[in-house]
Amino acid sequence: MKAKRRYRAFPALFVLVLAMTLIGVVPSGAAAADPSCTPHFQLTGTAVVEKSSVASDETVRITYTLTPSGSPPPPRPSRQPADIALVLDVSGSMNYGVYNQRPQTGEDTRLLALKKASKRLLDKIQAANAGDRVGLIKFSTTASVESQLTTNYGDIRNKINNFYANGYTNIDHGLTLAEEMLRNSPQNRMRVAILLTDGYANYYTDNKDGKAKYDESKARQEALADADSMKNRNIVVYTIALAQPGSQDVDLNLLQQIAQKTGGKMYQAGDTSELESVFEAITEEIQSNGTITSTVVRQPLPNGFSLSGDNPSTVRLENGVVVIDVLGSFVYPFGPGSEKTVTVSLTPPPGSGNYTLTDAVVRYLDDCGQVREVNIKLGASVQVYVRAVDRYGNTYVGEADGTVTRYRAGDGAAQWRIPASGTGGVRDIWFEDADPGDGIADDTIVAVRYHNGDVKRWTLTPTAPSLQLTDGAGGQILSSGWHLGPGKVTAISGSAGRLPPETQYLNEDFRANYIAGYQYRINGGVWTNWMPGRPVALPDGSVTVEARAVTNAIAGFPIGGNAYRQTVLLDSTPPQVAFQFDIPKPADDGRITVVATEDSSPVTRIRVWLDDASSPSLVVDASGIQQNGNVYTASFRLSDVYPDASARWGWHRIRVEATSTGGSAQAGPGLFVVNPGPQGSLVALDPSSPGSPSDKPVLVEVRTSHPVTPRFNQPGFRVVEMYYAVSTQSDAARLQPGDWHKLNALKFRVTTAPGQTRGTYYVFLRLVDDDGVTITLPTPLRVDLDYNQKRY
């Protein structure tokens with residue numbers, strides 16, 4: 001056989017904490033103090049405040065470290081009883097030999113080594129005669145409770161001897177059952193679990209469906225979670241790796257962490273003898289009788305502080321004092337890892353302020369059961385400031401003296417600081433939008449409320465700039481109304497910051513580098529960067545120009561400030577103009593209408609030139625112009641210009657002009673004619689005597705003329721047809737169409753009607769010119785005939 005090897009112990013780095021609810025006095029279940037007992041152990045403590053300066057929305061954390069010390073006590077006739085849960089591996093690998101996978105002759109299997117060594121453990125527990133109870137749990141693919149806590153150690157031996165090996169390794173389930181077995185143990189009993197395994201955790205039990213599942217990573221995580229839970233219930237777990245030194249068959253790291261988390265130790269045993277020694281060492285640990293228990297830390301709070309929501313149930317507030325129940329006992333022997341650390345999380349009051357933390361008091365029962373107290377020096381102050389972060393990541397810090405400082409997103413560079421006095425410090429900081437109605441959240445207004453109730457608001461965006469617009473003639477547009485186009489934006493300037501005068505600028509972000517440029521937009525379009533020296537043309541019509549400054553200081557990218565807005569009316573196009581005539585035939589007058597069309601500015605003047613006059617023959621201002629939509633008209637009669645009718649007859653040349661803000665436009669020259677019709681007369685050439693009847697037919701001559709003579713390269717009009725009618729009636733209205741006869745000569749004779757020798761006759765003349773105008777002379781020629789006076 002191989003020589004026996006000494007077992008090796010691995011001290012835990014953390015001490016188990018008991019899951020008891022302590023209230024700062026000796027618990028009712030504890031034994032009374034022995035007045036003859038001399039204490040050998042004591043506690044000392046330190047406290048560390050995580051941060052001396054915190055935001056009002058942060059947590060103030062104080063960590064207390066309690067360290068036991070003292071010399072070992074002399075042996076005592078009795079000790080605190082223990083409840084011990086044996087959690088034993090019966091997976092298939094427990095059939096392997098302690099030295100070889102296939103057991104050699106005379107070599108114990110791992111399961112047999114367990115059975116033999118467990119007898120030694122149970123014998124030692126029984127010999128202690130301390131009233132210890134033992135429970136039994138086995139695990140492989142799943143775990144099961146083989147015996148609840150009992151003092152029938154023989155029954156436990158028999159059950160272990162009946163174990164057989166099979167399946168995988170579900171450490172999670174074994175520890176879960178051990179916790180359930182020990183969690184309700186009385187406070188005056190130590191709670192101990194002894195975990196033995198020869199392999200790696202590869203199965204875990206799903207809490208949702210209770211089924212065992214294979215997943216090595218998850219199995220390991222669940223086993224460590226079990227250890228955390230057992231620690232909170234004051235269960236010390238001793239772990240045993242049943243493997244040879246250097247073996248890769250067992251997860252030593254996992255066993256070490258479980259022991260450390262719960263305040264136990266890890267052991268390794270390679271054969272039956274070593275396992276017996278390990279069990280004996282564990283019983284000696286349990287036999288140790290020196291403890292410090294019922295430890296409570298009491299920390300007075302400054303006014304306004306409260307407990308935050310992330311404290312465990314062992315922390316509570318009593319009349320302004322935080323009471324922290326330190327779970328578990330300090331069990332001798334003391335060494336590295338024996339100290340206990342507890343942390344309390346506090347919520348500072350709203351707003352800024354400076355607060356002093358007074359010393360904490362630790363109260364505990366020493367190893368004689370006597371109540372002891374010791375102070376933990378803090379001597380610390382906590383400065384609470386108000387912190388707000390805008391949507392761009394910039395941080396605003398409000399101090400107890402009322403100062404507000406802004407820190408840039410990203411690198412945290414301080415940009416500005418605004419001091420305040422007489423405000424009692426900053427209570428709150430929040431952000432508002434420049435235009436709540438536009439639906440855009442921009443956080444460009446910083447609002448600060450102080451402890452005295454005052455509220456101040458600081459706008460971070462630039463002021464509105466000035467805007468220079470020029471008209472089509474280059475003049476600056478300073479008034480409303482219509483202006484000659486095309487207009488231009490020629491300058492944008494003048495924006496500045498709006499922080500208060502007392503602002504202290506800590507870099508150039510809000511000072512020299514504040515204005516990054518200017519932007520403009522036309523008629524609500526897209527904001528466009530303004531390029532100095534490059535005027536922007538404006539369209540005709542009603543044009544709204546907006547301009548604003550942009551700054552990168554607020555968000556690291558351009559944000560626009562207040563906009564300056566100006567609306568102008570521009571017209572760069574003159575109206576369209578034409579003229580219309582209303583001149584009948586024949587006529588000695590006519591109506592002329594000037595028609596102008598203008599889509600922008602109104603037509604304000606119409607001028608008319610007739611017959612090449614050097615100055616306007618007629619001027620119509622806005623009051624005389626009729627408007628219908630975009631159509632403007634002005635009408636006049638030719639007689640308004642030429643009162644004399646003869647001046648109106650004939651050819652005329654016309655030129656018109658319409659004027660709006662966009663300019664003037666002309667139409668013409670155009671020609672029109674006023675044709676009163678041909679003129680004529682009838683003359684009796686040979687009456688017998690003037691005023692007396694003629695004794696023979698009368699020779700009548702037609703004499704004609706036309707008032708429309710050649711002009712402006714236009715021909716004059718002439719008579720092209722002549723008609724006469726002879727009637728005994730002087731009224732031309734009585735004539736019938738058949739009474740008219742065409743004349744082909746300028747002379748003709750008038751005689752009596754057939755069968756008549758005398759009578760008075762009226763001769764009518766009708767003339768037609770080559771313009772199609774027909775004129776009937778209004779006064780007929782009277783001819784008196786009497787043939788009876790003389791025959792021929």
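The values are calculated or read from the model by the stated rules, or taken from the named source; none is laboratory data. In this text, all values refer to a predicted model and were calculated from it rather than measured experimentally. Quick reminder, even Gly has a Cβ in these numbers, built from the backbone with ideal geometry, and neighbours come from all protein chains shown. Heads up: the accessible areas ignore ligands, DNA and RNA and are worked out on the full protein's heavy atoms, side chains in. Shrake-Rupley method; radii C 1.70, N 1.55, O 1.52, S 1.80 Å.
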Self-check item: Tensor-based shape of the stretch 235-280 (alpha-carbon gyration tensor, a/c under 1.5 rounded, otherwise prolate or oblate)
Solution: oblate
Exercise. Sticking with the crude label model, points 7 Å out along Cα→Cβ, report the distance from Arg758 to Gln370 in nm, one decimal please.
Key: 18.6 nm
Quiz prompt | Using alpha-carbon coordinates, inclination of helix 272-287 to the longest axis of the chain, degrees | solution = 80 degrees
Quiz prompt | Reachable lysines from Lys377, criterion Cα separation under 26 angstrom, eight or more residues apart if same chain | solution = Lys51, Lys340
Quiz item: With each pseudo-label sitting 7 Å past Cα toward Cβ, what's the Ala622-Thr528 distance in nm, one decimal?
Solution: 3.1 nm
Self-check item: Net dipole in debye of the stretch 442-579 [+1 Lys, Arg Cβ; -1 Asp, Glu Cβ; about Cα centre; nearest 20]
Solution: 120 debye
Quiz prompt | Distance-filtered residues of the stretch 557-595 - backbone nitrogen under 16 Å, label point 7 angstrom along Thr704 Cα→Cβ | solution = 586
Exercise. Hey, could you get me the Stokes-Einstein D for the stretch 151-202, Kirkwood radius over alpha-carbon pairs, 10 °C and 1.306 mPa s, rounded to whole µm² s⁻¹?
Key: 119 µm²/s
Practice problem: Round to the nearest 10 and give me the degree value, 0 to 90, for the angle of helix 252-262's Cα axis relative to the longest principal axis of the chain. | Solution: 90 degrees
Quiz item: Taking +1 at the Cβ of each Lys and Arg and -1 at the Cβ of each Asp and Glu, which of Pro300, Val49, Phe431 sits farthest along the dipole of the chain towards its positive end, judged by Cα position relative to the Cα centre?
Solution: Val49
Quiz item: So which lysines can Lys696 reach, going by Cα to Cα under 27 Å and dropping same-chain residues fewer than 8 places off?
Solution: Lys742, Lys747, Lys790
Quiz prompt | Relative contact order %, the stretch 219-288, counting alpha carbon pairs below 8 Å whose residues are six or more apart | solution = 33 percent
Quiz item: Using alpha carbon centroids, what distance separates the stretch 145-187 and the stretch 740-773, in Å?
Solution: 155 Å
Quiz item: Please state the equivalent ellipsoid semi-axes for the stretch 326-414: what are the square roots of 5 times the Cα gyration tensor eigenvalues, largest first, in whole Å?
Solution: 43, 17, 10
Practice problem: Return the percentage of antiparallel bridges among DSSP beta bridges fully within the chain, rounded to the nearest 5 %. | Solution: 85 percent
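Mean residue ellipticity at 222 nm from the helices of the chain, using -39,500 (n - 2.57) per DSSP H segment of n ≥ 4 over the full residue count, to the nearest 500 deg cm²/dmol? Mind showing how you got there, number by number?
Numbers: 7 runs with 88 residues, N = 792.
-3500 deg cm²/dmol, from helical runs alone.
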Quiz item: What is the distance, in nm, between label points placed 7 Å from the Cα along the Cα-to-Cβ direction at Gln101 and at Asp784?
Solution: 16.9 nm
Quiz prompt | Total charge dipole magnitude, the stretch 682-776, about the Cα centre, Cβ charges on Lys, Arg, Asp, Glu only, Debye to nearest 20 | solution = 140 debye
Quiz item: Say R0 is 25 Å: what FRET efficiency, to the nearest 0.05, do Tyr723 and Val683 get from their beta-carbon distance?
Solution: 0.90
Quiz item: In whole angstrom, how far apart do the alpha carbon centroids of the stretch 570-595 and the stretch 79-106 sit?
Solution: 122 Å
Practice problem: Give the calculated FRET efficiency between Ser308 and Thr463 to the nearest 0.05, with a Förster radius of 51 Å applied to their Cβ-Cβ distance. | Solution: 0.70
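Residues of the chain: accessible area per residue at 1.4 Å, in Å²? Before the final figure, lay out each step's value.
Details: 36930 Å² over 792 residues.
With all protein chains present, the chain gives 47 Å² per residue.
Report the per residue volume, in Å³, of the convex hull enclosing the C-alpha atoms of the stretch 390-570.
Working: hull volume 24.2 nm³, N = 181.
Convex hull of Cα atoms, per residue: 133 Å³.
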Quiz item: Which translational diffusion coefficient, to the nearest whole µm²/s, is obtained for the stretch 576-674 from the Stokes-Einstein equation, given a Kirkwood hydrodynamic radius over C-alpha pairs, 4 °C and 1.567 mPa s?
Solution: 95 µm²/s
Quiz item: Thr59: net charge of surrounding residues, Cβ under 15 Å, Lys/Arg +1, Asp/Glu -1, itself excluded?
Solution: -1
Self-check item: the stretch 465-525 and the stretch 263-314: distance between their alpha carbon centers, rounded to Å
Solution: 73 Å
Self-check item: Only Lys, Arg (+1) and Asp, Glu (-1) charged, at Cβ; the chain dipole about Cα centre in debye
Solution: 560 debye
Quiz item: To the nearest 0.05, how large is the calculated FRET efficiency for Asp123 and Asp228 if R₀ is 35 Å and r is the Cβ-Cβ distance?
Solution: 0.60
Practice problem: May I ask for the angle, rounded to the nearest 10°, between helix 216-232 and the longest principal axis of the chain, with both axes built from Cα atoms and the value confined to 0 to 90°? | Solution: 70 degrees
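If you average the sequence gap of Cα pairs under 8 Å that are 6 or more apart and divide by the length of the stretch 390-570, what percent do you get for the contact order?
Details: 442 pairs, mean separation 35.4, N = 181.
Taking the mean separation of contacting Cα pairs over the length of the stretch 390-570, I get 20 percent.
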Quiz item: Once the dipole of the chain is set up with Lys and Arg at +1 and Asp and Glu at -1 on Cβ about the Cα centre, which of Tyr724, Val608, Ala193 lies farthest towards its positive end?
Solution: Ala193
Self-check item: Ranked packing of 100-110, 722-732, most packed first, by mean Cβ within 10 Å
Solution: 722-732, 100-110
Practice problem: Find which of Phe557, Gly487, Tyr392 sits farthest along the positive direction of the dipole of the stretch 390-570, computed with +1 on the beta-carbon of Lys and Arg, -1 on that of Asp and Glu, about the Cα centre. | Solution: Gly487
Quiz prompt | Burial order of peptide ranges 219-231, 485-497 (average beta-carbon count within 10 Å, highest first) | solution = 219-231, 485-497
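Please give the direction-averaged projected area of the C-alpha convex hull for the stretch 160-267, in square nanometres with one decimal. Present the calculation step by step, with values, prior to reporting the outcome.
Working: hull surface 30.5 nm².
Answer in nm², one decimal: 7.6.
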Quiz item: For the chain, rounded, prolate or oblate, judged on the Cα gyration tensor with a ≥ b ≥ c (square roots of eigenvalues), a/c < 1.5 rounded, else prolate if a/b > b/c?
Solution: prolate
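For the chain, calculate the relative contact order in percent as a whole number, restricting contacts to Cα pairs under 8 Å that are 6 or more residues apart. Don't jump to the answer; show the numbers that get you there.
Values: 2005 pairs, mean separation 72.3, N = 792.
Averaging sequence separation for qualifying contacts and normalising by length gives 9 percent for the chain.
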Quiz prompt | Estimated Rh, the stretch 679-786: Kirkwood, alpha-carbon pairs, angstrom | solution = 14.9 Å
Practice problem: Give the cross-link partners of Lys119 among the lysines, using a straight C-alpha distance below 23 Å as the criterion and excluding same-chain residues fewer than 8 apart. | Solution: Lys2, Lys4, Lys138, Lys159, Lys265
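So how do 756-765, 45-54 stack up, highest first, on mean other-Cβ count within 10 Å? Present the calculation step by step, with values, prior to reporting the outcome.
Working: 756-765: 17.1, 45-54: 15.6.
Those peptides, ordered most packed to least, come out 756-765, 45-54.
Given the convex hull of the Cα atoms of the stretch 62-184, what is a quarter of its surface area in nm²? Mind showing how you got there, number by number?
Details: hull surface 46.5 nm².
Computed as one quarter of the Cα hull surface, the answer is 11.6 nm².
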Quiz item: Is the stretch 484-604 rounded, prolate or oblate when judged by the Cα gyration tensor, a ≥ b ≥ c being the square roots of its eigenvalues, rounded requiring a/c under 1.5 and prolate requiring a/b larger than b/c?
Solution: prolate
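Full-extension gain between Lys747 and Asp206, please, as 0.36 nm times their residue separation minus the C-alpha to C-alpha distance. Working shown, then result.
Details: separation 541, 0.36 × 541 = 194.76 nm, distance 14.00 nm.
Fully extending the segment from Lys747 to Asp206 adds 180.8 nm.
Carbon and sulfur atoms: what percent of the 1.4 Å accessible area of the chain do they account for? Before the final figure, lay out each step's value.
Working: 17250 of 36930 Å².
The value for the chain is 47 percent carbon and sulfur by accessible area.
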